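Derivation of every value follows stated rules applied to the coordinates shown; laboratory data play no part. Everything numeric in this text was worked out from a predicted model, so none of it was measured. Every residue, glycine among them, receives a Cβ derived from its backbone with ideal geometry; neighbour counts consider all protein chains shown.
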Amino acid sequence: MIAKKMQNMVANSSAIRAMFEEGNRLAKIYGAENVFDFSLGNPNVPAPQAVKDAIIEILNEEDPVALHGYTNSNAGYEDVRETVAQSLNSRFKTSFSGENIVMTVGAAGGLNVALKILLNPGDEVIVFAPYFGEYRSYTANFDGVLVAISPDTETFQPKLDEFAEKITEKTKAVIVNTPNNPTGVVYSEDTIKKLAKIMEDKQKEFGTDIYLISDEPYRELAYDGVEVPYLTKYYANTIVGYSFSKSLSLPGERIGYLVIPDEASDSADLISAASVATRILGFVNAPTLQQKMVVKCLDEKTDISYYDRNRETLYNGLLECGFTCIKPEGAFYLFVKSPIEDEKAFCQAAKKYNILIVPGSSFGCPGYVRMAYCVSYETIVNSLPKFKELAKEYF
């Protein structure tokens with residue numbers, strides 16, 4: 001029999017993945033063009049041509065034994081880490097070196113490394129609802145306790161008064177995700193400054209270190225000129241987890257990095273521990289070919305105009321149907337208010353029209369549903385008549 005801890009994780013396994021699998025099942029029955037699957041944040045935009053060119057160049061020019069072997073450091077190639085650091089310094093006016101960078105198996109791998117090096121059993125990790133549901137499992141992996149701040153459903157900015165009340169002596173980490181999955185909201189600079197001040201005050205009050213973990217797979221996906229604050233500039237004990245999954249449309253390649261600044265408490269120990277954690281968690285090192293590739297493509301960007309057109313079309317189309325939704329500033333999700341209290345029942349009703357959406361309770365925010373609009377434009381256009389039929393059941 002599997003472990004009890006794993007039994008609970010299986011029982012609460014991702015509703016997002018389950019809905020995606022349901023989409024595959026329905027596509028076989030009705031045809032893919034007649035199924036409107038908004039469940040999974042799987043980019044429909046191809047990776048830039050430069051990615052393919054870089055991989056071919058690397059395969060043709062690099063020593064294959066060295067290329068496909070282990071890296072000298074579990075933290076990644078030194079030249080890759082240094083180039084990533086200098087790119088960040090150029091963009092955000094920071095002062096990182098390659099020593100501050102740990103290459104990871106995507107942002108998910110990076111967050112697990114970060115929590116592995118920080119958490120003792122019983123330590124608390126604060127998240128702001130709605131939040132990416134896998135944070136529950138990541139925290140449980142290391143016997144931490146997840147503490148959720150209830151959502152402000154008017155703005156979906158963090159509730160800072162409740163946040164200040166729920167920080168305790170056991171608080172070890174706070175995870176923020178901006179642009180946010182599932183709302184698409186970008187946390188404002190004012191919000192970040194206030195959040196940082198609260199954390200600084202609480203560190204002094206309790207005499208503890210509280211780390212801010214910034215989960216940033218959607219950093220480059222921001223619309224209408226919205227600026228996404230770089231959090232190491234506002235709070236010293238910040239660890240940044242980044243992924244190229246969305247910015248370069250490479251979710252299956254599993255490549256990203258952690259930034260652990262020198263300003264963070266015990267930074268040298270954290271950096272050393274992150275390298276060890278990368279190994280003992282079973283990653284060993286981030287994929288070598290992908291490390292070499294992304295360092296050649298740091299200036300490449302996914303064409304977000306594709307997502308922006310989808311955003312505008314789906315957002316405006318749903319409003320015309322009578323649905324309520326805050327307009328996203330980033331990422332590629334809409335967080336739509338369910339027309340009935342039981343959003344899971346609403347998701348089931350949508351399935352009658354081959355529309356697949358994810359209940360907000362998966363993100364710690366019942367009463368809402370998430371729709372991922374990183375699909376083809378045709379999928380969005382063709383889904384709108386079905387959304388109108390669905391809306392007639394409620395409005």
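Where a ≥ b ≥ c are the square roots of the eigenvalues of the C-alpha gyration tensor, would you call segment 128-194 rounded, which needs a/c under 1.5, or, failing that, prolate if a/b is larger than b/c, or oblate?
Oblate shape, in that a/c is at least 1.5 and b/c is the bigger or equal ratio.
Can you tell me the order of 298-308, 361-371 when each peptide is scored by its average per-residue count of other Cβ atoms within 10 angstrom, highest first?
My ranking of the peptides, most packed first, is 361-371, 298-308.
Order these by the 10 Å Cβ neighbour count, fewest first: Y333, Y70. Present the calculation step by step, with values, prior to reporting the outcome.
Details: Y333 26, Y70 11.
Taking fewest neighbouring Cβ atoms as first place, the list is Y70, Y333.
I need to check one value: relative contact order of segment 61-141, counting alpha carbon pairs closer than 8 Å and at least 6 residues apart, in percent.
21 percent
Highest first, please rank the peptides 234-242, 161-169, 260-268 by the mean number of other Cβ atoms sitting within 10 Å of their residues.
On the way: 234-242: 23.6, 161-169: 14.2, 260-268: 16.9.
Packing order, densest peptide first, comes out as 234-242, 260-268, 161-169.
Looking at the chain, send over the antiparallel percent of its DSSP beta bridges, to the nearest 5.
The answer is about 45 percent antiparallel.
How high is the relative contact order of segment 49-296, given as a whole-number percent (alpha carbon pairs under 8 Å, six or more residues apart)?
It comes to 27 percent, rounded to a whole number.
What value in Å³ per residue do you get for the convex hull of the alpha-carbon atoms in segment 237-385?
Normalising the Cα hull of segment 237-385 by residue number yields 167 Å³.
In the structure shown, do any of K5/K352; K301/K327; K116/K337; K5/K170; K52/K93 have a Cα-Cα gap over 27 Å, and if so which? Could you put the intermediate results ahead of the total?
Values: K5/K352 35 Å; K301/K327 23 Å; K116/K337 35 Å; K5/K170 22 Å; K52/K93 30 Å.
Violating the 27 Å Cα-Cα cut-off are K5/K352; K116/K337; K52/K93.
Taking the number of other C-beta atoms within 10 Å as the exposure measure, put M199, M6 in order starting with the fewest.
Least crowded to most crowded, the residues run M6, M199.
For the chain, set up a GNM with springs between Cα atoms under 10 Å and report which of G122, G110, G225 has the largest fluctuation.
Between G122, G110, G225, it is G225 that shows the largest mean-square fluctuation.
Which value, in debye to the nearest 20, describes the size of the charge dipole of segment 308-350 about its Cα centre when Lys and Arg Cβ atoms bear +1, Asp and Glu Cβ atoms bear -1, and nothing else is charged?
With only Lys, Arg, Asp and Glu charged at Cβ, the dipole is about 80 debye.
Taking the dipole about the Cα centre of the chain, with the C-beta of Lys and Arg at +1 and of Asp and Glu at -1, give me whichever of I29, I271, V295 is farthest to the positive side.
I29
Rounded to whole Hz and in sequence order, give me ³J(HN,Hα) for segment 57-64 from the Karplus expression 6.51 cos²θ - 1.76 cosθ + 1.60, θ = phi - 60°, writing x for Gly and Pro.
Here the 3J(HN,Hα) series is 4, 5, 5, 6, 9, 7, 5, x Hz.
Give the aspartates and glutamates reachable from K386 as a straight Cα distance under 17 Å; neighbours fewer than 8 places away on the same chain don't count.
Hits, sequence-local ones excluded: E33, D37, E320, E378.
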